[in-house]
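**Q** So that we are looking at the same thing, I have put the structure below in structure tokens.
The values are calculated or read from the model by the stated rules, or taken from the named source; none is laboratory data. Nothing here was measured: the structure is a model prediction, and the numbers come from that model. Using ideal geometry, Cβ is built from the backbone for each residue, glycine included, and neighbour counts are taken over all protein chains shown. The area values use the complete protein model at the heavy-atom level, side chains included, leaving out ligands, DNA and RNA. Shrake-Rupley method; radii C 1.70, N 1.55, O 1.52, S 1.80 Å.
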Amino acid sequence: MIESPLYLQLQQHRKKDFSPFHTPGHKGAVFFPDDLWRLDLTELPDTDALFEANGILRDCEERLASLFGAGRTLISCGGCTLAIQTMLCLASRKGKKILFARNIHRSAVNTAALIGIEPVWIMPQSEQGCFTGRITPGQVETALSEHPDITACYVTSPDYYGELTDIAGVAEVCHRHDVLLLVDNAHGSHLAFLSQNKHPIALGADMSACSLHKTLPVLTGGAVLNIRSAFHAAGAKETMALFGSTSPSYPIMTSIDWCCSYLRQGGFRDYAALEPVIREIKELAAAQGLVQPQGDCDPLRICLHTACAGLTGDRQITFCHDYGIEPEFCDGENIVCITTPFNTKRDFDRLKTMIRALSGNGTVPHPHPFPLPEQVLSPRAAVFSETEEVPLSKAGGRIAADSACPCPPGIPVVMPGERIHREALSRMLRNGGTGETIRCVKLRTCETKN
Ligand SMILES: Cc1ncc(COP(=O)(O)O)c(C=O)c1O
């Protein structure tokens, strides 16, 4: 009898029978055909080849493109990360200077280092110090006027807390300046299937990287790159092949196609039907005095600021487990839940019971403005330098070789190549989550590079 420790551990986890408010979007429901794992085939004459797709996989990509309203859609089995790598690489063909809303995921930071992008940062603005906030079209306008050589603007929307950026407004500014708008829509694939289509491609983004697996019923790793105009898709496959494995997973790709058929055959209605259910839960949380992100938000993302009910730190996850809830994420102040139609009534009943046990005072901390650190080296030079782990107590003034992103608010306090200043250190120490050390450029190397 084979005994696999990982298999046993996952079985143990399932036995706990928590309500899954985390990815993947299928929530372990019986959704896929039973024999999916038997279809773990390879690229054969009749199964097409992902990076030279001209048969059944190309057809699938065309069905996905029509589902998302894109001119061209590319399948990724390497998650949204591979779609982000491709998107940034395509956009940087015209020039390496790219405008980034600072709340970017590590996958984009790493890509910027890998392909030598020169970032220009804009800080999201928030009135609530416990969430990320959003960048505005006005900020983009200012940055593009100051840097006429910027070729693309990169925005993460929705963010982890469910806040949506004004994509239509940002797109208008970008297009007026002849700049591409790229959206990390890792958390928002389902936005195309709500009562109001809030998908970035529908709102004017030129490209969007979408982690299908996070909010749609797709196996983990399944994602797409949506490109609005076929014009910008030239060379996209070859670009994705630079980063992707030559052995794409057929179970993942089949799960994407299965999901596509489900949505086209009416499954999209399940997403719209979930909106009132989640609205009611958000109203309950508000009535309990729990602060939630304000303004335009993902209707299906639940984010509860439990710190205002005295529930903070490690106690958050124990509290969730006591009510049978496994959330996507607890950051010490907020509990974030990903909901999909594959959650059951029992899941939502448990969540409501948990919320009723919390009593908040409705207040949030005020945001503390954070100064942009000095950029000493390019991200690429910093990441590819000789580096060393430095205790946080000794990292002041050093040049980071990695990003550090304390949550909340989910905005990196330092990026590779930036000098670590006192405020960044104190935020890392306060959040504790980034550990006791940070990877820095070795002093000697950095002096040489300067
Ligand atoms: C905002 C954001 N972008 C990109 C990614 C990367 O997505 P994936 O894990 O599908 O590669 C994540 C993953 O959590 C994310 O949160």
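**Q** Taking every pair of alpha-carbon atoms in the chain, what share in percent sits in each 20 Å bin, from 0 to the bin with the longest distance?
**A** Cα pair-distance distribution for the chain, in percent: 24, 57, 18, 0.
**Q** Now a separate question. Jot down the radius of gyration and Dmax of the range 331-450, Cα atoms only, both in angstrom.
**A** 19.4, 61
**Q** Now for a separate question. Between residue 370 and residue 317, 0.36 nm times their residue separation minus their Cα-Cα distance comes to what?
**A** Between residue 370 and residue 317, full extension yields 16.2 nm more.
**Q** How would you rank 312-319, 75-82, highest first, on the average number of other Cβ atoms within 10 Å across their residues?
**A** Taking the mean over residues of other Cβ atoms within 10 Å, the ranking is 75-82, 312-319.
**Q** Once both labels are modelled 7 Å past Cα along the beta-carbon direction, what's the residue 56-residue 168 spacing in nm?
**A** Result for the modelled spin labels: 4.1 nm.
**Q** How much accessible surface does residue 114 have with a 1.4 Å probe, in Å² rounded to 10?
**A** Around 80 Å² of this residue is reachable by solvent.
**Q** Considering all alpha-carbon pairs of the range 247-399, what whole percent are spaced by more than 19 angstrom?
**A** When all Cα pairs of the range 247-399 are counted, 67 percent exceed 19 Å.
**Q** Hey, could you grab the Kirkwood Rh for the range 1-88? Inverse mean 1/r over distinct alpha carbon pairs, Å, one decimal.
**A** 16.5
**Q** If you build a Gaussian network model of the chain, linking Cα atoms that sit under 10 Å apart, which residue out of 248, 408, 33 swings the most?
**A** Taking springs between Cα atoms under 10 Å, the residue moving most is 33.
**Q** At R0 = 45 Å, how high is the FRET efficiency between residue 123 and residue 38 if r is their beta carbon distance? Nearest 0.05 is fine.
**A** FRET efficiency, residue 123 to residue 38: 0.35.
**Q** Continuing with the same structure: For residue 346, project a label point 7 Å along Cα to C-beta. Then give me every residue of the range 1-27 with its amide nitrogen under 17 Å of that point.
**A** 12-22, 27
**Q** A further question follows. What is the percent of Cα-Cα separations in the range 268-356 that go past 22 Å?
**A** Roughly 20 percent, rounded to a whole number.
**Q** Residues in the range 250-282 near a label at residue 10, defined as backbone nitrogen under 14 Å from the 7 Å Cα→Cβ point?
**A** Flagged as within label range: 251-252.
**Q** Going by average Cβ neighbours within 10 Å, how do the peptides 343-354, 157-168 rank, with the highest at the top?
**A** 157-168, 343-354
**Q** Right, another one. Given a Förster distance of 56 Å, report the FRET efficiency between residue 264 and residue 436 from their Cβ-Cβ distance, rounded to the nearest 0.05.
**A** 0.65
**Q** State the extension gain, in nm to one decimal, for the chain segment bounded by residue 280 and residue 443, taking 0.36 nm per residue of separation less the distance between their alpha-carbons.
**A** 53.2 nm
**Q** With 30 Å as the cut-off, how large is the P(r) tail for the range 36-262, expressed as percent of Cα-Cα pairs?
**A** For the range 36-262, the fraction of Cα-Cα distances above 30 Å is 20 percent.
**Q** Sticking with this structure for a sec: Any idea what Rg and Dmax come out to for the range 179-230 if you just take the C-alpha atoms, in Å?
**A** Rg and Dmax of the range 179-230, Cα atoms, are 10.7, 34 Å.
**Q** Of the peptides 208-219, 322-333, 361-372, how do they stack up when ordered by the mean number of other Cβ atoms within 10 Å, highest first?
**A** The peptides rank, most packed first, as 208-219, 322-333, 361-372.
**Q** Which three extents, in whole angstrom, do the alpha-carbon atoms of the range 323-384 cover along their principal axes, largest first?
**A** On the principal axes, the range 323-384 reaches 52, 31, 17 Å in Cα extent.
**Q** Can you tell me which lysines have their Cα less than 25 Å from the Cα of residue 16? Leave out same-chain residues fewer than eight positions away.
**A** Within the straight-line cut-off, residue 16 pairs with 27, 214, 345, 352.
**Q** Moving to a separate point now. With a 1.4 Å probe and all protein chains left in place, how much of the accessible area of the chain comes from carbon and sulfur atoms, in whole percent?
**A** The computed percentage sits at 53.
**Q** For the range 49-185, what is the accessible area per residue in Å² when the probe is 1.4 Å?
**A** Spelled out: the 1.4 Å probe surface of the range 49-185, per residue, equals 33 Å².
**Q** Which Rg and Dmax, in Å, describe the Cα atoms of the range 1-52?
**A** 16.1, 44
**Q** Tell me the per residue accessible area of the range 268-356 using a 1.4 Å probe; a whole number in Å² is fine.
**A** Accessible area per residue, the range 268-356: 40 Å².
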